Amino acid sequence: MSALVRRKQLINHDPENGKFGDCYRTCVAMVMGLDPAEVPHFCDGNPDDVSGTTGLRNWLAPQGLGVFQVIYGADTPFRDVMFSLCHLSPEIPTIITGMGTRGVNHCVVAIGGEVFCDPCNGKPVKKPFTGPAEQNDEAWWWIEVIAKVPTHG
């Protein structure tokens, strides 16, 4: 992995026209030091596709990488999520998923307790979310870290 570079997503979310935003792959690309075009679009709206997380795991595995995920409950304020990341893992780039300001789940990259980049505009922002991410009538803050997976021998 190389330097953390801010990136703007390649596809804006516009499902009425068959376009599903690629904030997730853009965040994955950022934390891996890649261009977003080098990462598959895991959440492209195809109902036959596996989940974004499963797609990511399948793509990372041959590279000796995996994804660590943790969730915070909907009742946890975003500032508390950021506070814990800042104090427990200040130097680790983290992908955070919440409810974006456009009313759909959205991802950003955070490091050191700050939003490093919102791929919507490719810039740091103070308030990227209106609340936690929603899925299957549940709401959570999703936190993800891409890490090297040790070999077993």
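The figures follow:
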read-out	value
Spin-label model distance (nm) - K19 vs K127, 7 Å beyond Cα toward Cβ	2.7
Under 11 Å, Cβ to Cβ, from D22 - net charge with Lys/Arg +1 and Asp/Glu -1	+3
Sum of side-chain charges, A74 neighbourhood, beta-carbon under 10 Å (Lys, Arg +1; Asp, Glu -1)	-3
Difference of contour (0.36 nm per residue) and Cα-Cα distance, A139 to W59	26.2 nm
Ordering of 53-66, 22-35, 99-112 by burial proxy (mean other Cβ atoms within 10 Å per residue, highest first)	22-35, 99-112, 53-66
Footprinting exposure proxy for D75, D44 (fewest neighbouring C-beta atoms within 10 Å first)	D75, D44
Amide hydrogen neighbours beyond the local backbone of F116, cut-off 5 Å, H modeled	V109, A110, I111
Under 16 Å from K123, Cα to Cα: lysines that are on another chain or at least 8 residues apart	K8
Calculated [θ] (222 nm, deg cm²/dmol) that DSSP helices of n ≥ 4 give over the chain, each run adding -39,500 (n - 2.57)	-6000 deg cm²/dmol
Answer label, with mean projected area of the Cα convex hull in nm² calculated from the coordinates and candidates (1) 8.2; (2) 9.0; (3) 9.7	(3)
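Just so you know, all these numbers are worked out from the coordinates, no wet-lab data involved. Owing to the predicted nature of the structure, the values given are computational and were not obtained by experimental measurement. As a convention, Cβ positions derive from the backbone with ideal geometry for all residues, glycine included, and neighbour counts pool all protein chains shown.
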